[in-house]
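Before any comments, here is the structure.
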Amino acid sequence: MRMRTVFQIGSVIPLSLCVCLGSPSVSWGQKPPPPVPPNPQAPVLAMPAPMGMQRGTTMDLVLTGANLAGPTALWTGFPSKITIPAEDKNSQDNSKLKVRLEVPADAPLGYHAVRLATARGISNIRIFCIDELPQVIETGMNRTRDAAQQLPVPCVVAGRTEAEQSSFFKITVPAGQRLSFDVLGHRLGGPIDPQLSLYSAKTGREIAYDNDSPGCQTDPRLTYHFKEAGDYLIEVKDVLNRGGADYGYRLRIGDFPLATVPIPMAAKRGSKVQIQFAGPNVEGVAPIEVAVPADPAVNVIWLAPKGPSGLHGWPVALALSDLEETIEQEPNNEPAKANRIPVPGAVTGRFQQSDDTDCYLFDGKKGQKLLIEAHTLELYSPTLVYMVLKNAKTGAEIAKTDPQKPPPTDQRLEFTPPEDGDYLLDVQHINLNGGPSEVYRITVTPSLPGFDVSLGLERYDLAAGALAPIQLVVNRRGYAGPIDVSVVGSPTISGAVTIKAGQNASVLPATAKPDAPMGPHIATLLAKATIDGKQVSQLVSTRVPISQSLAGLPFPPLHLNDQVAVAIRERAPFALAVAVDPPEATPGMPTQVTITVKRDPGFMEEIAFNPPAGLPPNLAAPKIPNIAKDKNELKFSLDVNAKVPLGEFPIFFTGKAKVPNKEFLENTPPFNLLVGSAFELKVEPAVVTLKPGDKAKVKISATRKAGYKGPIALDLRKLPPNVTAGKATIAMDQATAEVEVMAAANAAPGETKDVDALGVAAPLANQQNASPAFTVRVEKK
């Protein structure tokens, strides 16, 4: 079991976060290859039922799914004692597995995660909640109002919707009772889009309703003051009347706040800050003083607001930054009362009423490009911001955001001040909305080159002492240099790679210690580069595959967005190696691949192969034959055709073999397929001097590559006026040719420094490459 470090401040949970704020030789160009699919033998977890538990309790949880047999451990993102009971052949069923969870009373409230590791791999991620409220399991017999399930107050209900049916519950409340109802549905990574209704049991009349509460990613919640004592009904259903095993939800009921975001929405690392809360029913919630960790790898803290009743609302996310973070001071709805934002710096503001305008000033320096951004949805605020930048002296409009652009560019401005001085930023809600949840954060920072590194797959498996190839994808933002990526945060898993200058993708070979026991591990990848003399580092993002694993949840819990899960699995009884000949490839010529196998004593089974991963565009996956039982080597060709782009492409192969009742997978180490020109040209001398009417010869040498031996047609380009050159060809299997250069009698004196020799290889679909530039000088006669 692995647990993240927890800083406890009341109910404060700091975890790590990664929010992801070409030439023809670039690997994979602008479109990287598709990610390697998950290991088909790895376990697959269905949505747990229930999807959480009360802290300070013990619970038997029956996991369901596929490939669950042979578990090595259950990983949880919260402190717990985990037991896998051995009775009733519990570990031998591929479709279900019972685990016993014992969670301490001080376990942090909020979103956590679980994954199951087996001898074959590691599962997809599932969100699991730790709550303080007593948990009630829905009976499933409560599909009509008359059969509504009676609930204690407070509680959290673990339920699920069924197709074309509703879930009904009954509560009994005294007069004057205030209660909050919070449905965690889609936020838990399921496809459900829940809606919530309250009814008077006496009259049957609907007294409250909610769907798509602001900032809750389509989940509903509401607070209601019950004037009369009595029984009341609660209805939960999917808005499209869908249901099934994946349509689970958690209905929290109690007198607790429904905070959406903290104020401020972000805090500077290493500082102490007073945190308040924004959202419905936060009156009477005491501020929390937070000592913000200085650790650059900790990028978010989860804060649970505590209401006057003593119950906590669901935690909200406080982002951590290295900026000076300020809070809007009202009134600031006109330029004369504008708040000043430091540069670089940030401000948290809110639209407390509709049609509100907030005004800010910042100091711009002539020629320093600035980036002005509003941060809302990714920090769980529902607010959509419209910004207008003006000259503070004249009031003249300089720029404004464009709501038609795709997020997040619709809330972003780039601006280079034409002169030193103050600039005014008017901020409004795009729909002129206002209210307790309409909060935003704006940053003003220098616009600098940068990069983002991400993964298309967030879970891998490997045997002790073996490797797993992790595909990296780079989004460059004005920075073209090298990027170092390494595994951090795990004593068992290691690995590093340098993404070369200009490349948009690479493969990191992750390895496990030779003595590593089987089981799950969670690591992160750290990317570093030196940009303009300063070291820039950030965690590699796994947000896209995490979101895909959670039914397309747009904004998963932030601390999950950089986690890479790795299972140490059973070792395969063979090892693979790969080599290519020639070591460089060129478009239009096939490349020979040799895979060799080292077998354990007694292992003689046939080895088959999956299609290779990492192939460049336009290179079709080869049909790879099996390595027969009595063979240890396999040769085949890669069709590097004329449409394959130049570049460096890390490729690896996965072999699989069956032994009785088992199938093993093993990867080759990644190798770099270098696709380059079939030749390089050099011209001698570097300066050719002529007089009008003269002739001279230049020597053109070819360095042949990738095994190309064919002819190379030559043509000198960009010659001075009235200077010509003859045609020549470097013959098959030859390295040089001479070209005669002639200056006409009327050639004017002067020199041209960008003359070059263009070579064309006709047998390779007229592949071309040019020599470095040389000089042709015409002197007076």
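The values are calculated or read from the model by the stated rules, or taken from the named source; none is laboratory data. Just so we're clear, the structure is a prediction, and the values are computed from it rather than from any experiment. Virtual Cβ from ideal backbone geometry, glycine too; neighbours counted across all protein chains shown. Keep in mind that these areas ignore ligands, DNA and RNA; they rest on the heavy atoms of the full protein, side chains included. Shrake-Rupley method; radii C 1.70, N 1.55, O 1.52, S 1.80 Å.
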task = Show V659, V439 ordered by accessible area, largest first, where the area counts protein heavy atoms only and the probe is 1.4 Å.
result = V659, V439
task = Kindly provide the helix-only [θ] at 222 nm of the chain, computed as the sum of -39,500 (n - 2.57) over DSSP H runs of four or more divided by all residues, to the nearest 500 deg cm²/dmol?
result = 0 deg cm²/dmol
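Given a Förster radius of 60 Å and the C-beta distance between A501 and A744 as r, what FRET efficiency does 1/(1 + (r/R0)^6) yield to the nearest 0.05?
With a Förster radius of 60 Å, E is 0.85.
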query = Residues with beta-carbon under 10 Å from that of D402, excluding D402: net charge, scoring Lys, Arg +1 and Asp, Glu -1?
reply = +2
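Considering only protein heavy atoms and a probe of 1.4 Å, how much of the accessible area of the chain is carbon and sulfur, as a whole percent?
Carbon and sulfur atoms account for 52 percent of the accessible area of the chain.
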message = For a test of the definition: using alpha carbon positions, the gyration tensor, and the 1.5 limit on a/c, classify segment 315-361 as rounded, prolate or oblate.
response = oblate
request  = Hey, for a label at D231 modelled as a point 7 Å past Cα toward Cβ, could you say which residues of segment 151-180 have their backbone N under 12 Å away?
outcome  = 151, 169-173
inquiry  = If you restrict to DSSP beta bridges whose two residues both lie in the chain, what percentage is antiparallel, to the nearest 5?
reply    = 85
ask   = For segment 394-399, what does the Karplus curve 6.51 cos²θ - 1.76 cosθ + 1.60, with θ = phi - 60°, yield as ³J(HN,Hα) per residue in whole Hz, taken in order and with x for Gly and Pro?
value = 9, x, 5, 6, 9, 7
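Say R0 is 45 Å: what FRET efficiency, to the nearest 0.05, do I430 and A66 get from their beta-carbon distance?
Efficiency, rounded to the nearest 0.05: 0.50.
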inquiry  = Can you tell me, using C-alpha contacts under 8 Å and at least 6 residues apart, the relative contact order of segment 510-608 as a whole percent?
reply    = 24
query = DSSP loop GluC sites (Glu not before Pro) in segment 183-253 with at most 15 other Cβ atoms within 10 Å of their Cβ, which ones?
reply = E228
message = For the pairs K400/K528; K695/K727; K365/K393; K695/K780; K528/K643; K643/K718, flag any whose C-alpha to C-alpha distance is greater than 25 Å.
response = K400/K528; K528/K643; K643/K718
inquiry  = So for segment 249-405, averaging the separation of alpha carbon pairs under 8 Å that are six or more residues apart and normalising by length, what relative contact order in percent results?
reply    = 19
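In Å², and per residue, what accessible area does the chain have when probed at 1.4 Å with the other protein chains present?
On the way: 32670 Å² over 781 residues.
Ligands and nucleic acids excluded, the figure is 42 Å² per residue.
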message = Along the charge dipole of the chain, pointing to its positive end and built from +1/-1 on Cβ of Lys, Arg, Asp and Glu, which listed residue (A463, L553, Q734) has its Cα farthest out?
response = Q734
ask   = Remind me, relative contact order of segment 644-781 in percent, using alpha carbon pairs under 8 angstrom and six or more residues apart?
value = 25
key: Two-site label geometry, A291 and K513: point separation in nm, points 7 Å out along Cα→Cβ   = 3.1
query = So, in Å, what gap is there between the alpha-carbon centers of segment 432-509 and segment 539-592?
reply = 13
note = Quick note, segment 365-470: a/c under 1.5 would make it rounded; otherwise a/b > b/c is prolate and the rest oblate (a ≥ b ≥ c, C-alpha gyration tensor); here it is oblate
key: Q368 paired with K691, simple spin-label distance in nm, labels 7 Å along Cα-to-beta-carbon   = 6.2
key: Residues with amide H under 5 Å from that of E751, placed H, sequence gap 5 or more   = V778
request  = Out of all DSSP beta bridges with both ends in segment 221-379, state the antiparallel percent to the nearest 5.
outcome  = 55
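Mind ranking R704, R187, R160 by accessible surface for me, highest first, 1.4 Å probe?
Correct descending sequence by accessible area is R160, R704, R187.
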message = Run through segment 311-396 and list the trypsin sites (Lys or Arg not before Pro) located in a DSSP loop whose Cβ has at most 16 other Cβ atoms within 10 Å.
response = K365, K366, K369, K393
key: In segment 667-773, GluC sites (Glu not before Pro) in a DSSP loop with at most 12 other beta-carbon atoms within 10 Å   = none
query = Can you give the extra length, in nm with one decimal, that the chain gains between N475 and A551 once fully stretched, where that is 0.36 nm per residue apart less the Cα-Cα distance?
reply = 24.9 nm
query = Rounded, prolate or oblate: which fits segment 215-303 when a ≥ b ≥ c are the square roots of the eigenvalues of the alpha-carbon gyration tensor, with rounded for a/c under 1.5 and prolate only if a/b beats b/c?
reply = oblate
query = Here are some values of percent of Cα pairs over 40 Å apart: (i) 63; (ii) 38; (iii) 49. Which one was computed from this structure?
reply = (iii)
message = If I model a spin label at A621 and F636 as a point 7 Å from the Cα along the Cα→Cβ vector, what separation in nanometres do I get?
response = 1.0
request  = Pop out the ³J(HN,Hα) list for segment 715-725 in order, Karplus 6.51 cos²θ - 1.76 cosθ + 1.60 with θ = phi - 60°, rounded to Hz; leave Gly and Pro as x.
outcome  = 8, 7, 10, 6, 5, x, x, 6, 10, 10, 9
